[in-house]
1. What is the gain in length, in nm to one decimal, between A100 and H10 on full extension, counting 0.36 nm per residue of separation less the C-alpha to C-alpha distance?
2. Using label points projected 7 Å from each Cα along Cα→Cβ, tell me how many nm separate L56 and D69, to one decimal.
3. Excluding the sites themselves, what is the longest stretch of the chain that contains no GluC sites (Glu not before Pro) in a DSSP loop with at most 13 other C-beta atoms within 10 Å?
4. Taking the square root of 5 times each eigenvalue of the Cα gyration tensor, what semi-axes in Å does the equivalent ellipsoid of the chain have, largest first?
5. Test of understanding: ordering D98, D66, D26 by Cβ neighbours within 10 Å, fewest first, what list do you get?
6. Only Cα pairs within less than 10 Å get springs; with that Gaussian network setup on the chain, which residue of P31, P86, P42 has the largest fluctuation?
7. Mean residue ellipticity at 222 nm from the helices of the chain, using -39,500 (n - 2.57) per DSSP H segment of n ≥ 4 over the full residue count, to the nearest 500 deg cm²/dmol?
8. Given a Förster distance of 30 angstrom, what is the FRET efficiency for L44 paired with R110, based on the Cβ-Cβ distance and rounded to 0.05?
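Bear in mind these aren't lab numbers, they're just calculated from the coordinates by the rules spelled out. Since the model is a prediction, treat every value here as computed from it, not as a measurement. Quick reminder, even Gly has a Cβ in these numbers, built from the backbone with ideal geometry, and neighbours come from all protein chains shown.
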Amino acid sequence: MEKPAPACRHCGACCRTFPVFASDADAEREPRIRAEALELKPWLRTERWTRQLFPLPFHERCCFLDAADRCTIHPTRPAVCQEFEPGGDPCVEARRRDAATRDHEGREERGSTKTHGET
Ligand code: SF4
Ligand code: SF4
């Protein structure tokens, strides 16, 4: 019997870790992609990728990921996001990198608190 696909944990790690690109078809389907994604320079475009959602300057996560780690355009998200397989190798890698980043940030924060407390 075929194993059921692992469920998404909705942790948002994939939306903070890997570059996210969208196509003209994605932008046609979802007006917020059209409005908020960065249009790639003509020489960087491919048939599939014409816009960049992440990373963007000053953004630490995809601009469509809310504070509760939910995609705010989920039904009309880019094809690349729809194709992303929960539990697959990229998902596992995204969670690993995300945990490492958070661990590092947590350590920095604890370190800076200590520094602030010192005279
Ligand atoms: S990293 Fe994996 S588990 Fe987390 S939101 Fe993305 S697909 Fe789901
Ligand atoms: S569009 Fe949605 S699913 Fe895709 S990276 Fe952004 S928040 Fe995640």
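1. 30.6 nm
2. 2.2 nm
3. Longest stretch, sites excluded: 61-117.
4. Output for the chain: semi-axes of 30, 21, 12 Å.
5. Ordered from fewest to most neighbouring Cβ atoms within 10 Å, D98, D66, D26 come out as D66, D98, D26.
6. P42
7. -12500 deg cm²/dmol, from helical runs alone.
8. Efficiency, rounded to the nearest 0.05: 0.15.
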